[in-house]
Amino acid sequence: MLVPSGVSAGSNTVSFTDRQGDLGKPWYSAAQGSHTAGDPLSWWSGNSPISNAGYLDLRSGWVTVKGNTVTMGLTVDSPLTKDSKLPQGITEVRWAWYFYLSIDVTYGGYYAPYSVYILWDGADFSAALVDHTSGSPPFVVTQLDNFIVDGSVLSVTMSLASIPGVVAWYSQSLVMYGSPWSLDQMPSAGGWNGPDITDFQGPLAVYWPWQAMP
């Protein structure tokens, strides 16, 4: 597994690795098959603008806990540079970490009690924590200043107390078409896609690809 460099003594890290080139095929796994029959190449050509945006292709990710600090990170297949552009037709990219208070085999990230995002509109980056524990919108959104986008590595550091009681997590890349849904609301019925998601692996590989918290 790839573990972030600079992890200090006394910290605990859980990490995952992810296949290269699986953009648009996040439900497929050699171990668990697909949610549809057959090879995913039969239903995703790999030649779309999204498929060619390597920064959407998750290669590894981690969550590190040290004391009351939690750092979450992702490495992506292609570095983000000053020349990087959004895929044609996309208005915003979001890299997400979804955090859970229990293992619920029914719902995925859009119903997670807590979500953390790094967002990019093609020009500027930002980061935010969304608290969904009220169960209905508007949700509480906290802007996060302690985040890094450095080539192929994206990370966010915040207080562990901001996500109390979480036991599991996973990550996903998202693309938005048109006007992105506001983070204080539930996702819109359309206008977005999830090109890549944490590969199924480990003891929590149930309906959604959870990783245990450190």
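Read-outs: derived from the displayed coordinates by stated rules, not from any lab. Computed from a predicted model, the values in this text were never measured in an experiment. Please note: Cβ atoms are built from the backbone with ideal geometry, for glycine as well, and neighbour counts cover all protein chains shown.
Per-structure values
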{"read-out": "Cβ-Cβ FRET estimate between Gln88 and Arg19, R0 fixed at 25 Å, reported to 0.05", "value": "0.55"}
{"read-out": "Simple label model, 7 Å out from Cα along Cβ direction - Ser159 to Ser179, nm", "value": "3.4"}
{"read-out": "Residue-by-residue Karplus 3J(HN,Hα) for region 190-198, coefficients 6.51, -1.76, 1.60, Hz, glycine and proline x", "value": "x, x, 7, 8, x, x, 8, 9, 3"}
{"read-out": "Residues with amide H under 5 Å from that of Ala168, placed H, sequence gap 5 or more", "value": "Tyr100, Met213"}
{"read-out": "Gyration tensor (alpha-carbon) shape descriptor, region 142-203, a/c threshold 1.5", "value": "rounded"}
